[in-house]
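The values are calculated or read from the model by the stated rules, or taken from the named source; none is laboratory data. On a predicted model such as this, the values are computed, not experimentally measured, just so you know. For neighbour counting, all protein chains shown are included, and Cβ atoms are generated from backbone atoms with ideal geometry for every residue, glycine included. The accessibility values were calculated without ligands, DNA or RNA, using every heavy atom of the protein model including side chains. Shrake-Rupley method; radii C 1.70, N 1.55, O 1.52, S 1.80 Å.
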Amino acid sequence: LLWLSFLHAGNLTIGEGISGSLNCVNETINISDSLILKSGASLTLTDGNLNVTTAVLNDTSTVTYSGTDMLIYNWNYGNLVLDGAGVMQITGDAVTPTTCKNLTVNNTGNILKIPENKALTVNGILTNNAGLSGIVIESGPLGDGSLISNNTSVNATVKRYITGNRWHYLAAPIDTASVSLFNTNNLLWWDASIEWTGAGDYTPWKGVSGTNLQNATGYAYYFYEDTIEYKGNINVGNYTVTLRTSTTGLSDYQGWNLIGNPYTSVLDWDVLVADGAVPVGAENAIYFFDDDAGDGSQSNYRYYVPSTGGTYGVGTEDATGKIPLGQAFFVKTNTDNLSLTINNTYRNHNTQAFYKNKTLEIIKLQITGNNKSDEMIYRIVNDASPNFDTQYDAVKLFSGNEDMPQIYSYNKEKDEKIAINSIPAINESTKLFIGFKAPAGQYNINIQDMTLPDTNGKLYLFDSYLKNYTEVVLNKNYTFEHQGGESNNRFLLTFKNTSSDIENYDINKIKIYPNPAKDFLTIKSDNTVTEGSVEILSLTGKTVYSSNIKNGTVNINLRNFSDGIWFVRLTDNNNKTYTEKFIINK
């Protein structure tokens with residue numbers, strides 16, 4: 001037994017040849033190199049300080065904390081015993097978690113606390129003799145604590161912080177979590193077996209019945225700012241959810257299932273997908289709801305497509321495959337009654353920031369306007385097709401908030417709207433069509449991120465309404481006016497700014513004269529367009545004049561128009577549009 005305060009040069013080894021022990025009581029021991037605990041050795045810390053460069057602890061050694069309100073050193077323990085009083089705090093984080101083979105929490109009033117953004121892994125047996133408050137996993141505005149353990153029937157208090165007055169998608173991290181924790185008037189679940197008609201139809205949302213939440217099931221909850229305290233046995237083991245879809249209705253709107261992370265740590269969706277857990281007939285992408293408006297109105301979704309088949313994962317906004325403790329999310333199935341099983345091997349502490357890998361080959365676009373924004377992504381995957389791929393893409397899930405601008409990749413041939421679109425290799429002839437939906441107003445499109453393989457080094461946004469090309473530069477806005485509604489034929493990305501590269505946009509159906517004009521402008525269509533509407537557009541695409549066209553001709557007085565460049569847009573009865581540029585020079 002050593003009971004002293006000293007500076008020890010070199011390694012301090014306990015249990016060399018025989019078992020040994022060190023008891024540090026209200027003293028400071030400074031070790032210049034490593035603390036080494038051999039097989040069967042023990043170390044007891046009682047309110048002392050142990051300063052050591054590294055600790056090498058045999059998995060049969062024992063470290064006991066018997067003081068009051070102590071910090072747990074961030075070591076890889078064998079047997080870790082908390083035998084003191086007050087709060088014992090974990091100090092390891094998600095990148096370098098505190099680990100141990102076995103952990104025992106003794107004594108009522110002894111609290112093992114895992115603070116926000118701290119992490120603990122117990123590889124063997126976790127024993128809690130201190131009751132529901134003996135283990136506390138914190139949650140707050142800055143993040144969540146994280147615990148990975150393996151045995152069942154372990155009591156704990158698991159906190160879930162939620163911000164105020166908005167919808168959150170939640171899942172229970174403990175078994176048989178009581179419904180009484182919530183205001184049940186604002187607690188809903190999603191019945192995927194019921195036909196859904198799209199944004200604005202809330203028929204599948206149902207009130208919660210019964211006394212307990214179901215494990216691995218997602219719930220929507222609206223409440224003021226609060227911290228939910230789940231108390232009970234933490235979830236460990238396998239959880240199987242049944243994925244449902246309606247047999248009627250449009251396929252894009254059916255098969256959405258709200259499931260949840262049942263664990264007290266991150267659920268790693270990339271690991272789950274790589275393990276083949278997503279059944280055939282379901283899609284790999286996941287969808288997070290974000291009520292960032294903060295006013296209770298439905299806002300928008302964030303998308304993540306995992307690193308399938310050796311590809312890299314990508315997400316809009318800050319979405320990743322690391323699903324937080326207590327988080328619910330949507331997955332989509334195209335086949336009814338499939339089983340998705342979540343198991344312990346899919347857990348992770350990792351919360352590393354996304355988009356640090358410069359090997360990504362992506363184009364990430366954002367539309368902003370009306371004080372709101374939305375994102376979409378093209379990524380290059382050699383095995384992908386130009387059409388929607390269930391393993392590589394995320395279909396567009398439209399927001400129910402009509403004020404939210406929505407942007408997506410549009411596949412003309414299949415009429416597909418895709419939020420994350422994986423495409424084969426690109427070249428100068430590649431054309432990427434962009435669709436959007438938004439209320440009337442002024443909007444910006446900009447490139448948030450762009451890392452591409454060798455092309456001609458140029459990327460252009462083509463505006464078919466104005467017939468102009470704009471070279472895309474990172475974080476530079478393209479501003480335009482929108483008259484409201486959905487548009488799938490206005491914009492495309494191209495790698496060559498010549499009109500011969502654009503199909504279906506350069507068919508000249510309009511003759512305008514004189515050009516330049518001074519007082520009057522005559523617009524005459526060819527014989528195939530005899531009726532429709534005609535508009536005069538500004539450089540940003542804002543409609544400043546509109547009229548019907550009959551017998552293929554219309555005359556416009558330019559008295560109230562200023563000098564400059566303007567556009568004529570003709571829309572025929574089949575909703576096809578044709579645009580020409582003209583100049584006013586008075």
Pairs of Cα atoms farther than 19 Å apart, the range 204-260, %: 49 percent
Estimated 222 nm signal from helices in the chain, with DSSP H stretches of n ≥ 4 weighted -39500 (n - 2.57), rounded to 500: 0 deg cm²/dmol
Potential lengthening between Thr53 and Thr240 on full extension [0.36 nm per residue; Cα-Cα distance subtracted]: 62.9 nm
Net length gained if the chain between Asn575 and Val280 were fully extended (0.36 nm per residue, minus Cα distance): 102.3 nm
Among 415-427, 195-207, the order from most to least packed when residues are scored by Cβ within 10 Å on average: 415-427, 195-207
Within the accessible area of the chain (1.4 Å probe), percent carbon and sulfur: 45 percent
Label selected from (i) 20; (ii) 39; (iii) 30, the criterion being percent of Cα pairs over 42 Å apart as computed here: (ii)
Straight-distance crosslink candidates among lysines, where the alpha carbon sits under 17 Å from Lys159 and sequence neighbours closer than 8 are dropped: Lys113, Lys118, Lys231
Heavy-atom accessible area per residue - the chain, 1.4 Å, Å²: 43 Å²
Sorted peptide list for 445-452, 484-491, criterion being average Cβ within 10 angstrom, highest first: 445-452, 484-491
Equivalent ellipsoid semi-axes - Cα gyration tensor, the range 152-219, angstrom: 25, 15, 11
Percent of beta bridges antiparallel (DSSP, the chain, rounded to nearest 5): 65 percent
Candidate lysines for bridging to Lys524, where Cα separation is under 21 Å - those fewer than 8 sequence places away on the same chain excluded: Lys467, Lys509, Lys511, Lys550, Lys576, Lys581
Inter-label distance, nm, simple model (7 Å from Cα along the C-beta direction), Leu474/Lys414: 3.1 nm
Rounded FRET efficiency, nearest 0.05, which uses the C-beta distance separating Ala85 from Glu225 and R0 of 41 Å: 0.80
Mean-position separation - Cα centroids, the range 183-246 and the range 73-88, in angstrom: 36 Å
Spherically averaged projected area in nm², based on the convex hull that wraps the Cα atoms of the range 407-479: 5.8 nm²
